[in-house]
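The values are calculated or read from the model by the stated rules, or taken from the named source; none is laboratory data. Quantities reported herein were computed from a predicted structural model and do not represent experimental measurements. Backbone-built Cβ (ideal geometry, glycine too); neighbour counts: all protein chains shown. Accessible surface areas use protein heavy atoms only, side chains included; no ligands, DNA or RNA. Shrake-Rupley method; radii C 1.70, N 1.55, O 1.52, S 1.80 Å.
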Amino acid sequence: MTLAVLRIATRKSALALWQAEHVAGLLRAAHPGLRVELVPLSTRGDEVLDQPLATIGGKGLFLKELEVAMLEGRADLAVHSLKDVPAELEPGFTLPAILPRADAADAFVSNDYANLAALPHGARVGTSSLRRQALLRAVRPDLELLDLRGNVGTRLQKLDAGHYEAILLACAGLERLGLHDRIRSRLTAPDWLPAPGQAAIAIEARADLPVVLDALAVLDDADTRLAVTAERAMNHALGGSCTVPVGAWCTVTERGLHLRGMVGEVSSGRLLVAEATGHGDEAVKLGNSVAEALFGQGAAKLLHH
Ligand SMILES: NCc1[nH]cc(CCC(=O)O)c1CC(=O)O
């Protein structure tokens, strides 16, 4: 191997930096003698905070500047939360490694209430995720749903300032930032589905640099890749954007893959749910068939809303 250095492009939020440092540590351990550096960059997704993500162009916003850095040779790889990676990558890029998944549950975070059921009638709950909004509507139609963007620290500050009785965040992000004690309860499958790819960290690199790809592939976790491949295939088949409420959860056992998927409607709290089982070599097919089942239930109506 002729690699001397690997430069990791990353966003500058505390969570992004934690994840990039985590990958840097794993790469240093896997390749003693290799220099590993961070290249922190600002993205449009981080800068435009006053509008819902869905209206300013979606998830690709968080990747663009990091991909430009790789194309210009200023970085060799980028580290992302897989949840923020669009179903379809930009041409010329690939995901050579997906790390073992952390806790994929959503977290109920509140200073006064222990869980969703304990919230008083009409309580204000902050989340800009359409998936979380649709799920909230389904279980508690009385709640007042309010937008909440910004990085994890900003969102917690807004909760603490009294703007909401509760907010929803990903458990994985809170745990990575050492904020485990902010989780009052966990919202879990099968009733509450995470976003496709939630809690998995992905490494992105240029598809045309095999030496780099080989160095990164040692961090890949096969079971996590299978699960998120099924979830992302389902999301892609459904039209694959963050502008619709989609949830997915795939488990991997020696008996095969089990995928449960959901499409919701924020206004009504209506949820369509479908599930299917498949073999380990059929992750994409499984995702497609669950999407097909959701279309069979009328998902197209909710998706083209
Ligand atoms: N959209 C922001 C984002 N992207 C990934 C995570 C959490 C970490 C993960 O899912 O891997 C978060 C924060 C949140 O949803 O609370």
Subset tally (residues that are touching a Leu at 6+ places or on another chain (Cβ under 8 Å) and open to solvent by 50 Å² or more (accessible area, probe 1.4 Å)) for the range 183-219: 3
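Residues are listed down the side, and each one gets a yes or a no for (1) open to solvent by 40 Å² or more (accessible area, probe 1.4 Å); (2) within 19 Å of residue 42 (Cα to Cα):
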{"residue": "71", "(1), (2)": "yes, yes"}
{"residue": "79", "(1), (2)": "no, yes"}
{"residue": "86", "(1), (2)": "no, yes"}
{"residue": "117", "(1), (2)": "yes, no"}
{"residue": "168", "(1), (2)": "no, no"}
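Restricting the search to the range 134-165, which residues are in a strand (DSSP E or B), under 26 Å from residue 62 (Cα atoms) and out of contact with any His (no Cβ under 9 Å at 6 or more places or on another chain)?
Within the range 134-165, just 145 meets the criteria.
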Residue that is in the same structural domain as residue 134 (by the TED database), away from the ligand (no atom under 13 Å from the Cβ) and either open to solvent by 50 Å² or more (accessible area, probe 1.4 Å) or among the small types (Gly, Ala, Ser) (or both), where the choices are 256, 269, 178: 178
Qualifying residue in the range 225-235 (condition: in contact (Cβ under 8 Å) with a residue 40 or more places away in the chain and more than 18 Å from residue 280 (Cα to Cα)): yes
Qualifying residue in the range 292-299 (condition: in contact with a helix residue (DSSP H, G or I) (Cβ under 9 Å, 6 or more places away or on another chain), part of a helix (DSSP H, G or I) and surrounded by 20 or more Cβ atoms within 10 Å (Cβ to Cβ)): yes
Residue list for the range 181-207, restricted to those being part of a loop (DSSP other than H, G, I, E, B) and near the ligand (Cβ under 10 Å from one of its atoms): 194, 195, 197, 198, 199, 200
Where a residue in the range 78-92 is in the same structural domain as residue 13 (by the TED database) and its partner, wherever it lies, is part of a loop (DSSP other than H, G, I, E, B) and away from the ligand (no atom under 13 Å from the Cβ), with Cβ under 8 Å and at least six apart: 86/240; 86/241; 87/240; 87/241; 88/240; 92/207; 92/208
Matching residues, the range 228-267, being hydrophobic (A, V, I, L, M, F, W, C) and in a strand (DSSP E or B): 246, 248, 249, 250, 252, 257, 259, 262, 263
Meets criteria (among the polar types (S, T, N, Q), in contact (Cβ under 8 Å) with a residue 24 or more places away in the chain, open to solvent by less than 40 Å² (accessible area, probe 1.4 Å) and assigned to a helix (DSSP H, G or I)) for residue 288: no
Test: residue in the range 65-73 that is assigned to a strand (DSSP E or B) and either modelled with pLDDT under 95 or touching a Pro at 6+ places or on another chain (Cβ under 9 Å) (or both): no
Those residues of the range 103-133 which are part of a loop (DSSP other than H, G, I, E, B) and away from the ligand (no atom under 13 Å from the Cβ), in sequence order: 110, 111, 112, 113, 114, 115, 119, 120, 121, 122, 123
Residues of the range 92-102 that turn out to be more than 9 Å from the ligand (Cβ to nearest atom), part of a loop (DSSP other than H, G, I, E, B) and surrounded by fewer than 21 Cβ atoms within 10 Å (Cβ to Cβ), as a count: 2
Residue satisfying all of: in the range 135-165; over 25 Å from residue 101 (Cβ atoms) and open to solvent by less than 10 Å² (accessible area, probe 1.4 Å); farthest from the ligand (Cβ to nearest atom) among these: 143
Residue match in the range 225-238 (condition: surrounded by fewer than 24 Cβ atoms within 10 Å (Cβ to Cβ) and either over 21 Å from residue 203 (Cα atoms) or of a type in the set (Phe, Trp, Tyr) (or both)): yes
